[in-house]
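Following: one structure in structure tokens, then a few remarks.
The values are calculated or read from the model by the stated rules, or taken from the named source; none is laboratory data. Only a predicted model underlies this, so the values are computations on that prediction, with no experimental measurement involved. Backbone-built Cβ (ideal geometry, glycine too); neighbour counts: all protein chains shown. SASA here: full protein model, heavy atoms, side chains in, ligands and nucleic acids out. Shrake-Rupley method; radii C 1.70, N 1.55, O 1.52, S 1.80 Å.
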Amino acid sequence: MPPATDPITLQEQARALGDPTRHALFRYLAGAGGPVGVVELTGHIGLHHTAVRQHLAKLVAAGLVVEEVERRAGPGRPRFRYGLDPKAAGRWAAGGPYERVAVLLAEALHTGDAPVDIGRRAGRTDRVALAGTGVEAVTAEMARQGFEPSLRPRAGGAVELVLASCPFQAAARANPEAVCALHLGLAQGVAERAGGVEVEGLVPRDPRRAGCRLRLRPVTGGQ
């Protein structure tokens, strides 16, 4: 089961999802596979964009949805995009992290491939756009997946991502070797897709306390 959650938070989330429009927005984001803009959501719901923004604000405040600023190459006001909060996704039966780890572990059993290789393929082929390149991209992707990373410098220009949360806690307690290997492979795949960084390794910790350390090293094009 996912980690216990504060009852007040669950009540707030239940109230937010009790509104039919907000529930429809949440379910649409659950099936979108990545962040979605207000224009697309407005077209789906059929309401004025101001009303859609108000509903999205309530979902964000309840910890169900996360808001991000879309990167723009040209002039103009930045646009916001919305996606599910990774920790809320599994809790409200929206295809969250436990579904993903189950699919990846099933693939490992079916193919006989090592979990680290399964994870690397998943991280490399994910269709969700990365936020930048290098360490920035890996950090943002680990955050999107619910690991709550924070950067810590290491000697020689390397860095560690301290992962303050384990979205696969129960699975990691049952089979730490396989699940940690998936973690490592996912990060390696993201790093390969992003470019400019390599993943040197993962230092695991007790998933109940979290704090695993993902060791990264920025690289130049010549390395």
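Details
- As a summary of the residue check, residue 54 satisfies the conditions (1) modelled with pLDDT under 90; (2) assigned to a helix (DSSP H, G or I); (3) open to solvent by 90 Å² or more (accessible area, probe 1.4 Å) except for the one numbered (1).
- A single entry from 219, 203, 138 fulfils the requirement of being of a type in the set (Val, Ile, Thr) and crowded, with 17+ Cβ neighbours inside 10 Å: 138.
- Matching entry among 185, 222 (being more than 15 Å from residue 153 (Cα to Cα) and modelled with pLDDT under 90): 222
- Of all the numbered requirements in (1) aliphatic (A, V, I, L, M); (2) in a loop (DSSP other than H, G, I, E, B); (3) surrounded by fewer than 18 Cβ atoms within 10 Å (Cβ to Cβ), residue 210 misses one, and that requirement is (3).
- Matching residues, the stretch 120-174, being touching a helix residue (DSSP H, G or I) at 6+ places or on another chain (Cβ under 8 Å), closer than 24 Å to residue 207 by Cα and hydroxyl-bearing (Ser, Thr, Tyr): 165
- All positions within the stretch 171-183 that are surrounded by fewer than 23 Cβ atoms within 10 Å (Cβ to Cβ) and under 19 Å from residue 160 (Cβ atoms): 180, 181
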